[in-house]
Amino acid sequence: MPDSPWERARQQLRVAAARLSLDPLALARLQHPDRVIAVSVPLKRDDGSVSTYDGFRVQHNNSRGPYKGGLRYHPRADLDEMKALAFWMTMKNAIVDVPFGGGKGGIAVNPKELSEAELERLTREFTRKMLPFIGPNLDVPAPDVNTNSRIMHWIRDEYARLTGKDAPAVVTGKPVELGGSEGRTEATGLGGVYALMTILKERGADHRGMTVAIQGFGNVGEYVARFLQQEGFKIVALADSKGGVYIPEGIKDLDAIQACKEKSGKLAGCYCIGSVCDIAHIEELGGRDIFPDEVLTLPVDIVVPAALENAITKDNADALKAKIVLEMANGPTTIEADKILQAKGIEVIPDILANSGGVAVSYFEWFQNVNEEKWKKEDTLLRLKEKMEAATCAVLEVAEEYKVNLREAAYILALKRLVP
């Protein structure tokens, strides 16, 4: 399957490795994960019945430090996808220059079908099965799809119970009051904004008034929208899986949009004047509802896929009108689509650079835990800015040196740091 995430990741690796004449043994190690762990996770349900779920952890590469990456709870948790995500984590950590390797894992379960007590028992059982393979200096999980700070706390607590020693650094993404880092919630979105701003500055572009369309209005998409708006960009379209809104003159009140979405369960129809949001204002604001995928092909300066993998494909890439694609989702652009975008002269800021702010602040949390420190939020975000600007400038330098696009440059930079 040419568009499977894992095969795409391997192909991206091969292209970059060819530029460096990488040692075949080093390339072979990067083309295959160090370890794939599969476990069964039995759960006694509240009604007394027993269900068993498949759990996974892919540990891709630890040449720079402990494996690091999220845990997702999703019914379609797929080993092929997790291999790709673990590989991309290895690349991200090298690009943003933190001493971690790449990992990814999770459980094939729909957590919405479980009570909170069932979810906690499942998480603790999964932790017991993963005990030999995780630890502050071995593998450090974090939240991902359908997991959160509460679940990370359960893992930390169960790890402490089983080992007899509390180790806050066994996971990141914990509640702030229980060892988590200030700034982690907004880190991924803000990191992407720092990357974009650095590139525009290097290009000598005036960003004020640039129009932006964002696919995905979860944590990442929301913070990208908020921080871009603060910097003077004009957010004209937002979409989620059920549709969205397009207001060419700009979406003014993101707080009202967020409140409307929480109330109605969708973005479509969230046209806001003051605190009133409803479809009656659509003509007054000059807007219209859009389909989820339509947000990618609007006449804007910047498109931000911040939701799903394979959002930009050979079927819609030619319809993109933006000058820049800021990849905030993991793997949102297929190989065929990448070629089309490059031929159209659309600059892609790749996912392994754009969304690496999250793991940068995860490293900051781990560092604070290990060294028994507690940083202020402003200090954390300043360090994030420094990391993202340095990483982006390094990618730009490699792109210039090798005369390649930013995605290929990001991989070349990562490989140089992984195989010095």
Worksheet item: Which helices (runs of 4 or more DSSP H) sit wholly inside region 270-378 and have at least 2 residues that are touching an Asp or Glu at 6+ places or on another chain (Cβ under 8 Å) and either touching a residue at least 12 places away in the same chain (Cβ under 8 Å) or in the same structural domain as Gly173 (by TED's automatic domain parsing) (or both)?
Response: 335-343, 351-354
Worksheet item: Considering Ile214, Ile151, which residue is assigned to a strand (DSSP E or B), at pLDDT 95 or above and either of a type in the set (Ser, Thr, Tyr) or under 25 Å from Lys261 (Cβ atoms) (or both)?
Response: Ile214
Worksheet item: Which of the residues belonging to region 398-413 are in a helix (DSSP H, G or I) and without any contact (Cβ under 8 Å) to a residue 12 or more places away in the chain?
Response: Ala399, Glu400, Glu401
Fill in: Asn330, sole failed condition from (1) closer than 23 Å to Arg64 by Cα; (2) at pLDDT 95 or above
(2)
Worksheet item: Would it be correct to say that Ile302 is in contact with a strand residue (DSSP E or B) (Cβ under 9 Å, 6 or more places away or on another chain), surrounded by 13 or more Cβ atoms within 10 Å (Cβ to Cβ) and of a type in the set (Val, Ile, Thr)?
Response: yes
Worksheet item: Which one of the conditions (1) in contact with a His (Cβ under 7 Å, 6 or more places away or on another chain); (2) under 19 Å from Ala280 (Cα atoms) does Leu238 fail to meet, given that it meets all the rest?
Response: (1)
Worksheet item: Can you tell which of Gly135, Gly173 is modelled with pLDDT of 95 or more, more than 23 Å from Pro111 (Cα to Cα) and either outside the structural domain of Ile349 (by TED's automatic domain parsing) or of a type in the set (Gly, Ala, Ser) (or both)?
Response: Gly135
Discussion item. Step by step: first the residues of region 16-27, then only those that are among the hydrophobic types (A, V, I, L, M, F, W, C) and exposed (fewer than 15 other Cβ atoms within 10 Å of the Cβ), then the one that is nearest to Val398 (Cα to Cα). Which residue is that?
Written reply: Ala18
Item to complete: Working carefully through the options Leu43, Leu22, Leu85, Leu13, find the one that is in a strand (DSSP E or B), in contact with a helix residue (DSSP H, G or I) (Cβ under 9 Å, 6 or more places away or on another chain), touching a residue at least 12 places away in the same chain (Cβ under 8 Å) and hydrophobic (A, V, I, L, M, F, W, C).
Response: Leu43
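The values are calculated or read from the model by the stated rules, or taken from the named source; none is laboratory data. Quantities reported herein were computed from a predicted structural model and do not represent experimental measurements. Cβ atoms come from the backbone with ideal geometry, glycine included; neighbour counts cover every protein chain shown.
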